[in-house]
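Some notes on the structure that comes next.
The values are calculated or read from the model by the stated rules, or taken from the named source; none is laboratory data. None of the values given here were measured: they were computed from a predicted structure. Backbone-built Cβ (ideal geometry, glycine too); neighbour counts: all protein chains shown.
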Amino acid sequence: MLTRPDQSFYLAHFTKNGKEYDAGRALSSESPVPLSKMSAREKLVSILKEKKIRANKVAWTDQSVVCFTECPWSSLLRHAKAYSPYGIGFTKKLVYSRNGNPVFYVSPSLYEKENWNASVYPFVTPFVPAYAADNVKNRKPFYGKPVDYSHEREWRVAKDFPFQYTYVRFVILDKYEDLDYIPEEIRNEIGLDKFIFMDTYRKIEELWPTHIME
């Protein structure tokens, strides 16, 4: 595969705040903290400690998967706003070897079919772009709301994703100070050169604004 500005040899998994996350929670109030109450940063630290990304159910299909993105760096700041500035990256080769696959973005007529093979269904997500006809957008379960995740260039693995530290190609943190939350032995195992800071990228975009940040 030739190097292209819109493609990469790598895929990233970004964490999100848990559904029950409370920013005012005292860190020592619960031990251990359930994933549903963890911040995005705590989830990343948990992943690094366990050396495993646990599969979670996704919207629309309710399938348990691990999600990755191939979004280019020019879209990374916007992607981080939708999820978080905390992520971990691996080679496409590794993800593919675990039966990883790009997501199938399918129109409602395909999505509504009832004969999806069980091995394929975890990789399906509906595709109802804003430019779809009203009679397409208004059908259930969309009810007029566009559903378009194609910009995420998503890949999925339909099971937990265990890994060794040597497999990690990069770790994304919000700022340099976040390194203090990563246990020293893990930092050393992965290598400090593998840590990327969103603050640095924001500063680059501020000084050399070649992309649209907002």
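Points worth noting:
- Yes/no for VAL33 being part of a strand (DSSP E or B), in the same structural domain as PHE163 (by TED's automatic domain parsing), surrounded by 13 or more Cβ atoms within 10 Å (Cβ to Cβ) and not basic (Lys, Arg): no
- Flag if THR69 is surrounded by fewer than 18 Cβ atoms within 10 Å (Cβ to Cβ), closer than 29 Å to LEU192 by Cβ and under 15 Å from the mean Cα position of the chain (by Cα): no
- Answer residue from region 83-103, given it is at pLDDT 95 or above, buried (at least 17 other Cβ atoms within 10 Å of the Cβ) and aromatic (Phe, Trp, Tyr) and is nearest to PHE9 (Cα to Cα) among those: PHE90
- Tally of residues being farther than 18 Å from PHE163 by Cβ and under 14 Å from the mean Cα position of the chain (by Cα) across region 74-94: 11
- Filter result for the condition that a residue is loosely packed, with under 12 Cβ neighbours inside 10 Å and either more than 30 Å from GLU205 (Cα to Cα) or not polar (S, T, N, Q) (or both), over ALA23, ALA12, ALA80: ALA23
- Residues within region 151-179 that are assigned to a loop (DSSP other than H, G, I, E, B), touching a strand residue (DSSP E or B) at 6+ places or on another chain (Cβ under 8 Å) and not aliphatic (A, V, I, L, M), tallied: 7
- When PRO126, PRO102, PRO108, PRO122 are checked against the criterion of being under 21 Å from the mean Cα position of the chain (by Cα) and over 30 Å from LYS49 (Cβ atoms), a single residue qualifies: PRO126.
- Unmet requirement for TYR96, which otherwise passes all of (1) farther than 16 Å from ILE172 by Cβ; (2) in contact (Cβ under 8 Å) with a residue 12 or more places away in the chain; (3) of a type in the set (Phe, Trp, Tyr): (2)
- Filtered residues of region 178-200 (kept if more than 26 Å from LEU94 (Cα to Cα) and either touching a helix residue (DSSP H, G or I) at 6+ places or on another chain (Cβ under 9 Å) or in contact (Cβ under 8 Å) with a residue 12 or more places away in the chain (or both)): ASP178, TYR181, ASP199, THR200
- Scanning region 104-119 for residues that are loosely packed, with under 15 Cβ neighbours inside 10 Å and of a type outside the set (Gly, Ala, Ser) yields LEU110, GLU112, LYS113, GLU114, ASN115, ASN117.
- PRO141 passes every criterion in (1) in contact with a Cys (Cβ under 6 Å, 6 or more places away or on another chain); (2) outside the structural domain of LEU94 (by TED's automatic domain parsing) apart from (1).
- Hey, ARG54 over 28 Å from THR200 (Cα atoms), modelled with pLDDT under 90 and of a type outside the set (Gly, Ala, Ser) or not: no
- Scanning region 186-214 for residues that are within 30 Å of TYR96 (Cβ to Cβ) and part of a helix (DSSP H, G or I) yields a total of 11.
- Among the residues of region 135-158, the one identified as on the phi > 0 side of the Ramachandran plot and touching a residue at least 60 places away in the same chain (Cβ under 8 Å) is ARG153.
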